[in-house]
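What follows is calculated from the coordinates using simple rules that are stated; it is not laboratory data. Just so it is clear, the structure is predicted and the values come from calculations on it, not from any experiment. Every residue, glycine among them, receives a Cβ derived from its backbone with ideal geometry; neighbour counts consider all protein chains shown.
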Amino acid sequence: MDSFTTPLLAGTATGALLLIAALGLALTFGQMGVINMAHGEFLMAGAYTAFVTQQIVTNADISIVVALPAAFVVAGLLGLLLEVTVITWMYRRPLDTLLVTVGVGLVLQQLAKDIFGAQGDPVRTPTWLDGNIDVFGYHWPYRQMFTIVLAVMALIALAALLKYSAFGRQIRATVQNRDLAETVGIRTRAVDRITFFIGSGLAGIGGVAVSLISGTNPRLGTTYIISAFLVVVAGGLGQLKGTVIAAFAVGIATSFFADWTSASMAQVATFALVVVFLQLRPQGLFVVRSRGLA
Amino acid sequence: MKSLVRTFGPLVAIAVLAVLLLVVAPAVLSPFRLNNLGKYCCWAIAAVGIGLAWGRGGMLVMGQGVFFGIGGYAMAMHLKLEAAGPEGIPDFMLLYGDGTMPGWWEPFRSGAFTLFAIIALPAVAAAILGYAIFKRRVKGAYFAILTQALAVVFATLLIATIQETGGFNGLNQFTFFFGYNLYDPVNKKMVYSIAAGLLIGCLVLVWQLYRSRFGELLIATRDAEERVRFLGHDPANVKLAAFVVAAVMASIGGAMFAPIAGIISPSDVDATASIFLIAGVALGGRALLLGPALGALAVGYGRSTLSESFPDQWTYFLGALFIAVILLFPAGLASAVGRAARLVVRPKEATP
Amino acid sequence: MKIDHPSPDDLGQDYLEIRGLTVDFDGFKAVDGVDLTLLQGRVHFLIGPNGAGKTTLVDAATGLVPATGLARYRNQDLLSMRSHKIVRAGVGRTFQTATVFEELSVLQNLDIAGGVHRSPFALLRARRGVPSYVAEALETVGLADLRDRPAGVLAHGQKQWLEIGMLLVQDARVMLLDEPVAGMSAEEREETGALLQRIGEERTIVVIEHDMDFVREFADVVTVMHAGKVLMEGSVTEIQASPEVQEVYLGRTVEGTSHA
């Protein structure tokens, strides 16, 4: 029983982490077409925010509650800064946003190294997350459950924002037809910026969740960015449903592969899985327009 | 006359570079500097391939470290076996393992097989991967992300298999290169010359590819892939050919890197290393003939120099380089120079 | 490569036959059981209001959208072939927005279109001089003076001619042209029409068009499509006299929107 429950539950938690990381990408990549490779570093910034908050608010029980909104704002502001200074020039060159943000990611990593040191720092778990619950013989840590709760909350908030709020409609209008959106009075530049802020902020929240599980580390972002992108790609753009399914599928699959083989073989197997999946379902990855082929 | 210059001008430029690398450099540089230049040449060989795939073919290959690694490890395995002697096994296997050698190492005792593998392995790997990706019309950012994922996976795999590949430490301490003692400065110079010569060879090869009809077809595929379909070509095949050639070039670069650097390890082939290879190409000008190679030589030099004097600042520099080049000179420095030159020249033309 | 002139025996045998062609977009039949026989040596026009299924019909015949029914040319079933194979079988097309390779010269654009007939090995060699079939196409479409210009700087009309030239070079026996004169000046239209008649003598030319003046002047046969079906087929005079066609164009014309 254990060889089934353990990977399933641990994998669900991994999937939840991936989901938070991927939700932000689903916004910035899926909606805006910006390929932000520094998104992983925003995750890292969130983790360090949790660490710094704990230095100020030493009570770990409270600091985590402060850290969540703080990380959202810190990562969000980093994203906003990136949008205003760099991305804004490159909306017509999606592949180039990828390269520029690779550069931004490198700089942020080195900054973290210089400020906090190359070694990671631990983030203390609040007492109310310290412990576990026995599920069919697996001692499921509360921290992992917390990740899942966090991911679900982020998902619901984002979905509600996109679907029901006026701002959500503005985002969708801007994505579908920028010129038309402008003519009906939507300030599309402002929409871009706020979208990017929210997308990046979500990475900050993900960073707090990561810090509870593995502490902080300058290279933390690189661990998650590729998997998060694979999740968005496999899930298909423009809809959160696919992202959710893909995140949990990748998380759980990796967990099972790791249980059967090793952590690194699991990575290989998951990659192979995604490639095979793209073979079977490349729909949505390409558009053939026949009236104009430019 | 004008068309002669256009056709053979690039060849002259390659010849100048050949003289600089093969005649001037060995005469004026210290053995240490020359060896460093050898490393840059290896990166430049991979960069030439990236220029072909990305600059001309529009495929942003973010995982060339994998192919660099295939060539590098294939060569390194042979050198390890050569150092271990006819029946011997590599030292690290005694250290970390139970002293038995995995069967797939055995063929690499043969130098001929190793050379064959350096070409064939990346070609087959790139062909399979490329076929799967291009036939399903996965392209653009998706392609870039998939290739980078490949680099991450590759490095993870290497680190995890310490008994078979030396793990995080990689493979090092080579003593012989196909019978030549690597501690002998004369032989080191020879290895350098081989690397520089291969770089020149790759440049001549892409020169011919760029002026051939295949080169035109590749640009056409880059700029309007769907349109190429209605010329009766399957664009997947065009891209596949360029991708395979780029992979083989990366592999050759890696194969020469191992004896010159004296080591090949996961950090030479992972995602960051792959990005580093792209940096030079972006700097030099991705679509130009000499741009990628010169850019890679420059970035390689910058890396050595900067990390000697400011070990921590190098990463900032590399990051800033990406941001500045892509933001300001997306076609590379060479094209920026060209544009500036035209600005200077044009006023003169205006007054007849 | 050769541009072969058909012997008298071949004439009339090279035709594109379409039977019961249907394209179903999730329940919406963009093309609904169309029968057409497109004979060689005629300039055939396909007209109809927006959303009538004209472009989709051409898409189906060139492998861009899946379809059921039959589209046969020289005993080859086009519906089961992939786009580049259809081109190799001799059926070429253009698009509403002219798509040429902007960074390549006019000459290179034409030359690349002749690549269908080259072996992979020949692809690795550089072009020497101007192949005769390319020179011929340059003359035919009237771009000989501009052959070394990058295609990106050509005027809109010239780009359409370049595309037609590319079809000539790839030796397309059937040419499916999607609104080739849209956005052209009156003068350019005249030239294009003359060009189509000239090259149509030994080919099957199918033109999707909206401009009735142009249709009147150059059409041999006109097929009117409406709501995915063929409404009627005939000469320009017959079409114009038909009350049905008038109703489609003047009455409840704009049904559905363009889907492409």
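The packing ranking, built from the mean of other Cβ atoms within 10 Å per residue, places the peptides A:129-141, C:222-234 in the order C:222-234, A:129-141, highest first. Each part reduced to its alpha carbon centroid, the range A:59-131 and the range B:79-158 end up 35 Å apart. Take each peptide in C:95-106, B:62-73, count the other Cβ atoms within 10 Å of every residue, and average; sorted highest first, the result is B:62-73, C:95-106. Under the simplified labelling scheme, the residue B:337-residue C:130 pair shows an inter-label distance of 3.5 nm, with each label point 7 Å from Cα along Cα→Cβ. Peptide B:209-221 shows a mean partner chain C-beta count of 6 within 10 Å per residue C-beta.
Among the listed pairs C:85/C:229; B:80/B:135; C:54/C:159; B:139/C:85; B:80/B:139; C:54/C:85, those with a Cα-Cα distance over 29 Å are B:80/B:135; B:80/B:139. Give me the distance between the Cα centres of the range C:87-149 and the range B:25-69, rounded to whole Å. Cα centroid of the range C:87-149 versus Cα centroid of the range B:25-69: 35 Å apart. Residue separation of residue B:184 and residue B:163 scaled by 0.36 nm, minus their Cα-Cα distance, works out to 4.6 nm of gained length.
Taking the Cα atoms of the range B:2-350, the ratio Rg/Rh between the radius of gyration and the Kirkwood radius comes to 0.98. Taking the inverse of the mean 1/r over every pair of distinct Cα atoms in the range C:131-174 gives a Kirkwood hydrodynamic radius of 10.5 Å.
The Cα-based radius of gyration of the range A:2-280, divided by its Kirkwood radius, gives an Rg/Rh of 0.97. Once the chain from residue B:83 to residue B:324 is taken as fully extended at 0.36 nm per residue, the excess over their C-alpha distance is 82.3 nm.
Peptide B:325-331 shows a mean partner chain C-beta count of 5 within 10 Å per residue C-beta.
Taking all Cα pairs closer than 8 Å and separated by 6 or more residues, the relative contact order of chain C comes to 28 percent.
Remark: mean inter-chain Cβ contacts per residue of B:150-156 equal 5, using a 10 Å Cβ-Cβ cutoff to other protein chain atoms. Note on residue B:194 and residue A:281: with the Förster distance fixed at 41 Å, the Cβ-Cβ geometry gives a FRET efficiency of about 0.35. Between residue C:235 and residue C:197, the modelled label-to-label distance comes to 1.5 nm, taking each label 7 Å out from Cα in the direction of the beta carbon. Going 7 Å from the Cα of residue C:70 along its beta-carbon direction, which residues of the range C:18-51 have the amide nitrogen within less than 15 Å of the resulting point? Residues passing the 15 Å test: C:18-22, C:33-38.
Could you work out how far the C-alpha centroid of the range C:178-204 sits from that of the range A:147-174, in angstrom? Rounded to whole Å, the Cα centres lie 52 Å apart. With a Förster radius of 60 Å applied to the beta-carbon distance between residue C:211 and residue A:166, the computed FRET efficiency rounds to 0.85.
Taking the longest Cα principal axis of chain B as reference, the axis of helix B:271-284 is set at about 30 degrees. Efficiency by 1/(1 + (r/R0)^6): what FRET value for residue B:98 and residue A:260, r their Cβ-Cβ distance, R0 = 25 Å, to the nearest 0.05? It comes to 0.60.
Under the criterion of Cα pairs below 8 Å and six or more residues apart, the relative contact order for the range B:191-319 equals 16 percent.
Summary value for chain B: 33 percent relative contact order, contacts being C-alpha pairs under 8 angstrom separated by 6+ residues. Here the spin labels are modelled as points 7 Å beyond Cα on the Cα-Cβ line, and at residue B:24 and residue A:214 they lie 4.8 nm apart.
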